[in-house]
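Readers should treat all values here as calculations from the given coordinates under stated rules, not as data from a laboratory. Treat the numbers as computed from the prediction; the structure is a model and nothing was measured. For neighbour counting, all protein chains shown are included, and Cβ atoms are generated from backbone atoms with ideal geometry for every residue, glycine included.
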Amino acid sequence: MPTLLVGDFILVNKYTYGIRVPVLHTKIVELNTPERGDIVVFRFPKQPEVDYIKRVVGVPGDRVAYYKKKVYINGKLAKQVSLGSYQGVGQGKNMTGAEHFIEDLAGVDHSILVKHGHPGVEGVFVVPEGQYFVMGDNRDNSNDSRYWGTVPEENLVGKAFFIWMSWDWQHKGVGFDRIGTILK
């Protein structure tokens, strides 16, 4: 949230990062590698039968720091521009009042939410070879690499790129305004 909301149905390109043998997850054709800003689906390292979706913040060799609700990549601050107070919709109403920012992550502008006064994990994280550091856009409500470490390359499922349907189970039904959204 706010990039994805509960009830969004997404398309994922499973071939962006290479072609793998089904079930074995062995890569047989090398293609692209994830870049900072990509929204990736991956098998959760602590529970591989569960798929997670997060944004790539650090690639192999990066030094990612997170202090005072701000991301630093290799010592450089990822710029944030405040859009003011977030007005949550549908099942995201609980985030109303969080500060809404546009963050520039290596040329990829995307929305994030921050709740000031809400504690979070801070520190410096070095991304090992063959691994990726991921974070949720809802920074203070995300179980991500700050808590459990990096994502191994072999756990990558694909890159999310499109919302094809959005359904708000509790409030308005079909979210027509979200259908067709290109994810970035």
Net charge (Lys, Arg +1; Asp, Glu -1) of residues whose beta-carbon lies under 10 Å from that of Ile102, Ile102 excluded, is -2
Distance in Å, no decimals, from the C-alpha centre of region 30-61 to the one of region 80-142 is 16
For Lys159, the lysines lying under 23 Å Cα to Cα, once residues fewer than eight places off in the same chain are dropped, come out as Lys14, Lys27, Lys46, Lys54, Lys184
Here region 94-100 yields Karplus 3J(HN,Hα) values (6.51, -1.76, 1.60; θ = phi - 60°; whole Hz; Gly and Pro given as x) of 5, 9, 4, x, 5, 7, 9
Rounded to one decimal in nm, the spacing of the 7 Å Cα→Cβ label points at Met165 and Tyr147 is 2.9
In nanometres, the difference between 0.36 nm per residue of separation and the alpha-carbon distance of Ile179 and Ile19 is 54.8 nm
Residue span Phe44 to Val124: 0.36 nm per residue of separation minus Cα-Cα distance leaves a gain in nm of 26.7 nm
Applying the gyration tensor rule to the Cα atoms of region 34-136 (axes a ≥ b ≥ c; rounded if a/c under 1.5, else prolate if a/b exceeds b/c, else oblate), the class is oblate
Taking R0 as 35 Å and r as the Cβ-Cβ distance between Glu154 and Phe9, the FRET efficiency 1/(1 + (r/R0)^6), rounded to the nearest 0.05, comes to 0.85
Expected max-MSF residue from Arg43, Arg139, Arg20 in the GNM of the chain (alpha carbon, under 10 Å) is Arg20
For the chain the mean separation of alpha carbon contacts under 8 Å (6+ apart) over residue count, i.e. relative contact order in percent, is 29
Here the FRET efficiency for Thr96 versus Thr33, based on Cβ atoms and R0 = 30 Å and rounded to 0.05, is 0.20
Dividing the alpha-carbon radius of gyration of region 79-184 by 2.2 N^0.38 Å, where N counts its residues, gives 1.22
